[in-house]
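The values are calculated or read from the model by the stated rules, or taken from the named source; none is laboratory data. Note that the structure is predicted; figures quoted are calculated from it, not measured. Cβ: placed from backbone, ideal geometry, glycine included. Neighbour counts: every protein chain shown. Side chains included, ligands, DNA and RNA excluded: accessible areas come from the protein's heavy atoms. Shrake-Rupley method; radii C 1.70, N 1.55, O 1.52, S 1.80 Å.
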Amino acid sequence: MGGIESLVLDERRYFFGFDYSADLVVSPLIDDAAAMAAFAAAHMRQRTGEHDASYWAELVEAAVASSALTDADAHREFTSAALHEELPDPGGHLLYLLGAATGWADWFAASPEATAAAARLKLDTEDPAFLDECLAVLAGQGVDDSPDEWLVARFHLTETVRHLPGNWAELFAPLAAGLAEEE
C-alpha cells in the first residue's frame, strides 16, 4: 500500500514507492519513470486496490513536481560529493528517508562503544530524534569537541547505510565512505 515519491541524486531523478501510513520505503530507487510505473502496477496497491501502469504513471509524474514528505524541492536533491563531505542536517529529509528505508532499525546492540556513548549522553536511541541531537551538537561544536556525539552519529549513520536495502545502499554509500575517512 503506498504512493510514489522521488529524489534527485547527482542530477538524476530516482522514484520509489512509499507507504505513508507506516513511514516506510517499499521499493528500490528506480531511475526510469515507465519502469517505476510498471513496478508499482506489479507490486504496489492503493486503498482503492490494484491499478494499471498508466494510473501509476500519473503518480510518477506528480512525484517529480511535489512530495507528500517534504515541502521543499531542495530537500529532495542530493549529491554524492555532499554526502561524502558533510554530515546530514539535523531533522533533515535525508535522515527521514534513510530511517524509512531501513525500517527505523536500531543498531546499537552491535556496538558496546556506541551504546556506552549514547548512555553517557542520556540519549533515547529508540526515538529517532537522538541522531538529530548528536548532529546538532556536532554542527555547533565540531567533531573534536564532541567525541561521544561523533561516535554515536558515525556508528548509526554507517550502520544505516550498511543496512539500506537494494540499490539504496549503493547510491548512498558516499555517506558511509565519508564517515569512515573521518575516523
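Dipole size in debye (nearest 20) for segment 20-135 around its Cα centre, Lys and Arg Cβ +1, Asp and Glu Cβ -1?
Working: 5 positive and 20 negative charges, 63 e Å.
Around 300 debye, computed over segment 20-135.
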Legend entry - With all protein chains modelled, accessible area of HIS84 [1.4 Å, Å²]: 60
Legend entry - Karplus (6.51, -1.76, 1.60) ³J(HN,Hα), θ = phi - 60°, over segment 123-140, in Hz, Gly and Pro reported as x: 8, 8, 6, 7, 9, x, 5, 4, 5, 4, 4, 5, 5, 5, 5, 4, 5, x
Legend entry - Heavy-atom accessible area order for TYR14, TYR20, largest first, 1.4 Å probe: TYR20, TYR14
